[in-house]
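Take a look at the structure set out below.
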Amino acid sequence: MLTNGTEAKLPVSVPASGASEAAGALLERGGSMASLSGMFADVRRSSHGRMVMLGGEAGVGKTALLHGFCVAQAKPVRVLWGNCEPLVTPRPLGPFLDIAALTGGELEELLASPSRPYEVAGALLRELSGSVPCVLVLEDVHWADDATLDVMTLLAERVTTVPALILASFRDDELDRAEQLRFVLGEMVRGPGRMKLEALSRASVAALAAERAIDAEALHRMTGGNPFFVVEALAGEPEQIPDTIRDAVLARAARLAGPARRLLETVAVVPGTVELGLLEDLAGELFERLDECLACGMLSARAGQLAFRHELSRLAVEEAIPPGRRLSLHRAALKALVARDGDPARLAHHAEAAGDAGAVMRWAPAAAERAASSGSHREAAAQYARALRFAGDLPPVSRAQLLTRYAEECYVMSRFEEALSAQQQALGLLSSAGQRLAEGDAMRRLSRLMFFASRTDEGEALAVEAVALLEQLPPGHELAMAYANVSQRRSVVEDTEEALAWGARAGRLAAKLEDDEVAVYAMTNVGAAQAQAGRAEGPATLERALALAQRHGLEEHAGRIFNQLAMWPVRQRRFELAGEKLREGLEYCTERGLDMWRLYLLAMRARMELDLGQWEQARRSTALVLGDPRTTPVPRGWALAVLGVIRARRGEDDVQAPLDQADGIVRFTGELDRTAAVASARAEAAWLAGEGDVVDAVTAAPLQLALDVGSRWVAGELAYWRWQAGIRETLPEQALAEPYRTAMSGPAAGAAELWECLGCPYEAALARLESEEEDDIRAAMGQLQRLEARPATAIAARRLRERGVRNVPRGPRRRTRENPAGLTGRELEVLNLLCDGLRNAQIAERLVLSERTVDHHVSSVLHKLGVATRGEAAATALRLGLPAEGNERQRR
């Protein structure tokens, strides 16, 4: 059965005058309909759901296909439908608000107030877990807010636990402008099904135009076979083909009488759906002309609401409204929505369009707060930016508060330059206004942003200046946070004693103030300092901080703590513990939309996978980090270093590109955890390339820093690559981690055993290469061949020949992955991204390659697949099952 109210919520069947539109939209859709029906039959049979992403250009008939599919399903079936609205800044979780209105119960109660994505996903999955199979439609997700995309990601991970087919439609010709959706499409864990609707063929266009005296060939050429454009063109003047969709829409609208056309314009200024009661308030006596608008086929009615049949039509009509009338309509819409307690995002939209500064200042910050509390930080930032455009007459302190909130949202999204600019403006305003307490806190906030943006020297000076200013005032939250900020910075640069001292100072003030946030912040810094110094109490301190953060809902702090709990085991090669903390942290940060910290954890996971010899998994983890537009400099630098090492160990091309990028990120930070990873990667790549003279230059400074702060594992790794390059130096034995120390001093077998116990096969093989025993070197060579470590394998072969061994096995040549087309590993990566709709420049950025190199790879892929176009390549890849291998890279 259809859920009560669901039939009305579906896009209704078109009236008689619009029958040709339905025919046009469903022509050549039999295969797509059959595919969807087969998927839903599998869901019915197995009770295991799936998600399908339905792409296609605007007007290609996605909505008509989904509606037709839903209506055609045999009972029992439940259909739920939610739409993303075409607002410039959409309301958070918009489609799920639509669905909650249908389901009622837990989901509706949850969404009555701001809710986090993981809460919404959990409630929706419980709603879908009943015995009746469900079709859940999420329409136009190219307009989705961040929180909606996060819910979709969580649903994709868990949809197999419920009997539901989730269908999400999007415009694949607008992915360039929907960067976050493009990334989410590539990131979803289980690799949802992908379908694409193509334009109509010449034959179908000719069939639609059969009863008109019109040149069907010219019609197809002008419309490109777009079903919406074709139907609009046929609805216009006989024997005339309009030049654009806009012309076609306006030609149809022009056939309405003046009053009905003005009513159509009234509907057009309200994006999405318009409640009948709201339209009656806005239109007055024009409301009586509604039937004419419905009869002309441009509007549809659904459950007490009206909407244009297509957003392209609404935009064309809205853009054609004279400016003065458009302004009046937005003012009327604002007034009517205020009276109806409308959603703040809709109110802010109409307030800006009406040029009402007071209303913008009232509703945009309210919409921003609601968006931020739901995890839609992109929308929150956009609403604060909207408010700031109208904030010229605000008092300086109020404007500074808006700028600070905007900076916070930009920080969460890793838009550091915008965050820095806003926070600097706020600091200037507060300083000029003589607000010393707020000024000191703004200094502290600005210093932290500078640390994340790699402007460390400026940040350190400002952090100390903030403390000096705030200590002149009565002690409070701001001073305690400033103490904790300095403690964090000392911890990051591994100045253990100073980190502990400043953390203790912050902790004492937090206890006096009974300030839970500062207590968590200080305890995290202390635990991190203890852990980096190898003190046993460090992990326990961090666990206490985590429990306190979770108890008080301090999710941002909890995300950072998970990173600290994973970072030190990864560095110390305690991989069982590190893996446990990485899994826990990734689950926590993913569910709560803590993307910055999730990306840190993914970069750490990449390093762990590299050390464990899981190089393809490591490559996939780096792809998740480097492909995400929200990645901050720290995890980006780590991921680039791992990628460079993998390429160097495999003997691949373009080794230097990621290493040079990483070096540019970390060079001037003075932070060991940033600089050492890149220095080690560059040193190993140089050694493998036979460029040992480079090693000293790239490792000398970070090695000295590691020795100064007592970081045994970092010092050992850097000293080892210097030793491999022939640099002989005397270093304190206790300053180096035992496996590295033994690898350099011997015995080789003992070093190999230490590395094997840790689970590091590559390092164990390199240790065996130093043995005087032929069998040990042969064993090392075999291990290196299994890892496909070609340069190191060549070194092993050379050492065997130097010992007089004949018939040294060459090992496997650089081989292609096993696939029917004989594509190389790199070509498979390029093909996967090509299937995702990325252009060559975007592929080059994602894979850290030159655009010319990508051009060559794409040409090779097309040649090997025997196709001429990228679209044909994607279709052939799907037929051969080639993307399946690459889609494994999408696992978190």
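Structure data summary
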| read-out | value |
| --- | --- |
| Subset of segment 851-875 (residues that are open to solvent by less than 50 Å² (accessible area, probe 1.4 Å) and not in a helix (DSSP H, G or I)) | V867 |
| Boolean, L784 is modelled with pLDDT of 80 or more, within 26 Å of the chain's Cα centre (by Cα) and either surrounded by 15 or more Cβ atoms within 10 Å (Cβ to Cβ) or of a type in the set (G, A, S) (or both) | no |
| Search result, residues across segment 450-490 that are of a type in the set (D, E, K, R) and either more than 21 Å from Q532 (Cα to Cα) or buried (at least 20 other Cβ atoms within 10 Å of the Cβ) (or both) | R455, D457, E458, E465, E471, E478, R489, R490 |
| Enumeration of residues in segment 103-156 that are part of a loop (DSSP other than H, G, I, E, B) and under 15 Å from the mean Cα position of the chain (by Cα) | A144, D145 |
| Residue that is modelled with the lowest pLDDT [pool: residues in segment 795-831 that are among the aliphatic types (A, V, I, L, M) and closer than 30 Å to G871 by Cα] | A821 |
| Selection from segment 196-219 of residues that are assigned to a helix (DSSP H, G or I) and open to solvent by less than 30 Å² (accessible area, probe 1.4 Å) | S204, V205, A216, A218, L219 |
| Scan of segment 663-675 for residues that are assigned to a helix (DSSP H, G or I) and either more than 21 Å from Y720 (Cα to Cα) or modelled with pLDDT of 95 or more (or both), ordered by number | G664, I665, V666 |
| Test for A34: is it closer than 23 Å to A303 by Cα, out of contact with any strand residue (DSSP E or B) (no Cβ under 8 Å at 6 or more places or on another chain), among the hydrophobic types (A, V, I, L, M, F, W, C) and open to solvent by 40 Å² or more (accessible area, probe 1.4 Å) | no |
| Failed item in (1) open to solvent by 30 Å² or more (accessible area, probe 1.4 Å); (2) within 37 Å of the chain's Cα centre (by Cα), with V678 passing the rest | (1) |
| Filter result for the condition that a residue is over 37 Å from the mean Cα position of the chain (by Cα) and closer than 18 Å to L542 by Cα, over A484, A511, A519 | A511 |
| Filter result (charged (D, E, K, R) and open to solvent by 10 Å² or more (accessible area, probe 1.4 Å)) within segment 607-645 | R607, E609, E616, R619, R620, R630, R636 |
| Residue list for segment 575-590, filter: open to solvent by 10 Å² or more (accessible area, probe 1.4 Å) and closer than 17 Å to V151 by Cβ | E587, Y588, T590 |
| Sole residue being at pLDDT 70 or above and surrounded by 18 or more Cβ atoms within 10 Å (Cβ to Cβ), chosen from L834, L882 | L834 |
| Residue tally, condition in contact (Cβ under 8 Å) with a residue 24 or more places away in the chain, in a helix (DSSP H, G or I), of a type outside the set (V, I, T) and open to solvent by less than 10 Å² (accessible area, probe 1.4 Å), over segment 753-779 | 4 |
| Filter result for the condition that a residue is free of Cβ contacts under 8 Å to residues at least 60 places away in the same chain and either surrounded by 24 or more Cβ atoms within 10 Å (Cβ to Cβ) or of a type outside the set (F, W, Y) (or both), over E543, E652 | E543 |
| Which listed residue, of R415, R370, R399, is basic (K, R), touching a helix residue (DSSP H, G or I) at 6+ places or on another chain (Cβ under 9 Å) and closer than 23 Å to R346 by Cβ | R370 |
| Filter result for A725 (open to solvent by less than 20 Å² (accessible area, probe 1.4 Å), out of contact with any Cys (no Cβ under 7 Å at 6 or more places or on another chain) and hydrophobic (A, V, I, L, M, F, W, C)) | no |
| Top-ranked residue of segment 85-102 - restricted to ones that are touching a residue at least 40 places away in the same chain (Cβ under 8 Å), within 25 Å of the chain's Cα centre (by Cα) and in a helix (DSSP H, G or I), ranked as nearest to A372 (Cα to Cα) | G94 |
| Selection from segment 703-730 of residues that are among the polar types (S, T, N, Q), in a helix (DSSP H, G or I) and under 16 Å from G746 (Cα atoms) | Q724 |
| Selection from segment 600-615 of residues that are assigned to a helix (DSSP H, G or I) and in contact (Cβ under 8 Å) with a residue 60 or more places away in the chain | L602, R607, D611, W615 |
| Boolean, E108 is farther than 30 Å from G224 by Cα and open to solvent by 10 Å² or more (accessible area, probe 1.4 Å) | yes |
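The values are calculated or read from the model by the stated rules, or taken from the named source; none is laboratory data. A quick note: this is a predicted structure, and the numbers were derived from the prediction, not measured. Heads up, the Cβs are rebuilt from the backbone with ideal geometry, glycines too, and the neighbour counts pull from every protein chain shown. Accessible surface areas use protein heavy atoms only, side chains included; no ligands, DNA or RNA. Shrake-Rupley method; radii C 1.70, N 1.55, O 1.52, S 1.80 Å.
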